[in-house]
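What follows draws every value from the coordinates through simple rules; no lab data is involved. The shown structure was predicted, so the numbers you read here are calculated from the model rather than taken from an experiment. Here Cβ is always computed from backbone atoms with ideal geometry, including for glycine, and neighbour counts include all displayed protein chains.
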Amino acid sequence: MPFTNKVDYIPNMPSEGYDPAAVQEQKKIQKKRWQVLVGVFLFVVILANIFIWTRAPEFQSQAIMHFSYTSQNAEELDYIAQQQLSLNQKRLTSNSTLQSLSLKLREDHNIDVNIQQLRDMLSATTSETAKTITLQTTGTAPEVLKPVLQQWLSLYMSLLEQEQISKGSNEALQFEQQLEALEQKITAQKQVVEVFSEANNIISVEREENVIPNKIKGLSDSLEEAEAQKAQALAELDSLNASLSSGQQVERPIDRPSIDANRVVLQELEAELSELSERYTQQYLQRDPEVVAKQQKAKALKAALADQIADSQLLYLQDSQRNLAASVGKVNSLREQLADAQEQAQKFDQKLAEYRRLDDMLKALQLQASTLHNQLVEQEVSKPFDAKISILEPPFTPEYPVGPDYWQYSLISVIAAMVLAVAALLLFSFIVRKNKPAAGGANFVVLPGEQQALRYPELHGAEQAQLAANAQALQLGTRQYEPNQLENIRLLSTSECQALYGVANKQGKVVIGLLLSGVSATDLTQISKNDFMPSDNTLQITGAYARKILLSSQLSAIMEQLCAGQQPDNLLWLSALSVDDLSQIIINAGHDAELPYPEQLSAEVLRHTYLTYLVNQGVRLNDLEQLAGYLKPAELGKYRSVNRHGKSVDIDKANALYPYTVSESDIANEGQ
């Protein structure tokens with residue numbers, strides 16, 4: 001950077017040179033640095049891993065509740081479903097529900113858990129897209145998780161059923177109960193029908209489709225065929241006897257080819273002998289051995305043929321008699337089987353009639369169930385925004401742990417140990433540098449600009465102080481650490497609040513009264529006439545943290561005067577006010593009330609005073625937003641140190657009216 005025409009410089013003292021003792025001391029310090037680094041690292045790693053690996057495994061069971069609606073209006077349905085899911089989620093984890101659950105678990109399951117333990121075990125998360133609430137229980141004892149979750153679910157479902165009855169939906173509940181009873185009867189009747197059908201071999205209510213009638217039909221067909229075979233065998237036997245009586249030769253069909261072959265051979269032999277007899281005399285023929293052999297052969301063949309024909313006739317007659325006997329036996333057997341089947345058919349007809357009666361009873365029950373279901377659907381359609389809750393996933397006993405992830409936590413502990421070791425090393429180095437005497441340097445300081453006539457010692461001290469301040473500013477850079485406003489914010493007493501309210505004008509009274517009633521400064525700047533309801537002395541806060549604020553009668557009267565003559569959509573103030581404007585109104589009232597340090601007053605001071613007033617009564621931190629709107633986690637955390645006097649009260653039992661007027665203070669004292 002450019003300098004002016006006058007530049008002064010201040011040389012430093014020369015260096016003192018090499019010092020062996022300083023070098024040895026530096027080595028000791030370096031060794032201690034390593035000891036600090038390694039020692040802190042090992043200490044943190046060992047301690048953290050002992051804590052990690054001695055933790056018991058955690059198990060988790062869950063159940064899923066589904067909310068279904070009959071409305072088809074997507075925009076309205078999404079809004080209603082979101083509101084109902086949020087409401088049910090809060091009620092599931094409310095203090096009253098957990099208290100009832102603790103009593104039920106102690107009575108029914110002999111499980112002794114208090115409300116705080118239940119808060120740690122139970123969680124309820126919503127899914128607006130799927131319209132479900134997932135209930136989860138987490139703990140180290142897997143056998144306890146399922147009964148706890150089942151009792152939680154059944155307790156809440158019974159609570160909803162009681163509310164439905166109280167709201168006049170008893171008819172729908174009766175329909176559901178009747179439908180459930182009918183479903184049980186239908187299941188039982190189906191089992192009776194199936195058992196009866198299997199015991200009596202009944203396939204269908206149609207008679208012809210069952211086994212026994214089909215068997216009778218088959219036996220009848222077989223009997224007709226057997227009687228036809230019997231008649232044919234009898235006719236064949238009669239014909240055979242008639243032929244034998246008339247002297248006709250009868251041959252068995254199976255023997256006919258052999259007999260015909262022997263006839264042909266005999267005929268050929270007789271023809272040959274006849275030819276020889278014509279050519280030679282009888283004496284010659286009797287003397288010729290070949291002719292004699294042929295004559296003997298023909299005689300033997302003729303006798304064998306006669307015997308063969310006689311045997312064939314006898315066998316033919318025996319076969320016909322056997323066929324007739326077999327046909328008669330078959331007919332008699334089939335008649336007996338048919339008689340038995342007909343007797344079974346009579347019994348089957350009785351069983352079939354009973355089966356039809358049971359089937360008709362089942363169909364009648366199914367018709368009643370269908371009618372009830374249609375009536376229930378009609379009722380649901382008439383109430384499109386009433387949710388029907390069903391259990392998509394019932395509770396279960398977990399078999400495998402869900403955490404902790406020992407290896408992941410071990411890795412994190414190693415990383416944390418490294419960071420802490422480096423931090424300890426930096427702290428050690430800082431302490432060493434701070435205790436080490438300053439050494440001389442070979443640099444010099446340039447001071448631009450015209451200097452005043454100061455002697456060297458005076459100039460050195462002044463400029464060194466200035467340079468030290470500048471160096472500190474350069475090291476800090478642009479980081480500016482604001483003081484912890486939450487810890488240092490002023491807390492007003494009841495008498496100070498009463499003094500502020502007493503001296504303020506109407507606008508100031510409204511500002512102070514609303515801030516001491518749970519209205520935030522941001523909400524205060526946006527209040528309109530529509531939000532104020534003088535009939536019940538309440539103020540409706542809209543937005544993400546919508547709530548209804550109870551007002552004192554005096555403050556309600558003042559606000560009614562301010563709203564007089566304004567349009568419904570107009571803001572409560574004649575002109576728009578910012579948060580700074582509200583604080584200025586409070587500061588002005590503080591001056592008029594002669595409070596000490598009125599410049600410390602602001603909207604945040606009054607809000608802090610009101611929140612402290614609620615916590616002193618025993619209101620839980622997580623319930624503060626129901627009266628005071630959104631609070632940052634860091635802002636909410638500072639009220640952990642507020643004395644609650646050893647008590648805890650529900651938000652609806654707390655006194656939400658801060659005694660900023662004398663009359664309300666007396667009322668509050670009497671209530672306490």
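Projecting label points 7 angstrom from Cα along Cα→Cβ for SER274 and GLN346 puts them 7.3 nm apart. Net charge in the neighbourhood of THR397 (other residues with Cβ under 15 Å of its Cβ; Lys, Arg +1, Asp, Glu -1) is -3.
Ordered by the number of other Cβ atoms lying within 10 Å of each residue's own Cβ, fewest first, CYS497, CYS563 fall into the sequence CYS563, CYS497. For region 82-94, the Karplus equation 6.51 cos²θ - 1.76 cosθ + 1.60, evaluated at θ = phi - 60°, returns couplings of 4, 5, 5, 4, 5, 5, 5, 5, 5, 5, 4, 9, 6 Hz by residue, with Gly and Pro reported as x.
Amide hydrogen proximity for ILE111: with H placed 1.01 Å from N in the peptide plane, the residues at 5 or more positions away or on another chain lying under 5 Å are ARG106.
Rounded to the nearest whole Hz, the Karplus-based 3J(HN,Hα) values (6.51 cos²θ - 1.76 cosθ + 1.60, θ = phi - 60°) of region 523-532 follow the sequence 5, 5, 6, 10, 6, 10, 5, 4, 6, 8, with x at glycine and proline. Couplings for region 255-266, taken from phi via the Karplus curve 6.51 cos²θ - 1.76 cosθ + 1.60 with θ = phi - 60°, read 8, 4, x, 5, 5, 4, 5, 5, 4, 4, 4, 5 Hz in order; Gly and Pro are left as x. Dimensions of region 208-382 from C-alpha coordinates, computed as largest minus smallest value along each principal axis and given longest first, are 132, 35, 19 Å. Step through the table entries LYS146/LYS548; LYS146/LYS632; LYS506/LYS548; LYS529/LYS647; LYS185/LYS347; LYS185/LYS388, compare each Cα-Cα distance with 31 Å, and write down the pairs that go over it. The pairs that break the limit, which is 31 Å between Cα atoms, are LYS146/LYS548; LYS146/LYS632; LYS529/LYS647. Which lysines have a Cα less than 27 Å from the Cα of LYS28, not counting those fewer than 8 places away in the same chain? List returned: LYS434, LYS436.
Each Cα pair under 8 Å and six or more residues apart adds its separation to the average, and for region 208-382 the resulting relative contact order is 41 percent. Entry note: region 59-168 has Rg to Rh equal to 1.01, where both radii use alpha-carbon atoms and Rh is the Kirkwood radius. Amide H to amide H, with H built 1.01 Å from N, GLY403 comes under 5 Å of GLU58, counting only residues 5 or more places away or on other chains. Expressed as a fraction of 2.2 N^0.38 Å, the value expected for a compact globular protein of N residues, the C-alpha radius of gyration of region 489-671 is 0.98.
In this structure, the amide hydrogen of GLU393, modeled 1.01 Å from its nitrogen in the peptide plane, lies closer than 5 angstrom to those of ILE64, counting only residues at least 5 positions away or on a different chain. Cα centroids of region 100-145 and region 606-635: 27 Å apart. When peptides 119-126, 59-66 are ranked by their average number of other Cβ atoms within 10 Å per residue, the highest-first order is 59-66, 119-126. What fraction of the Cα pairs in region 243-293, stated in percent, has a spacing above 18 angstrom? In whole percent, the long-distance tail amounts to 53.
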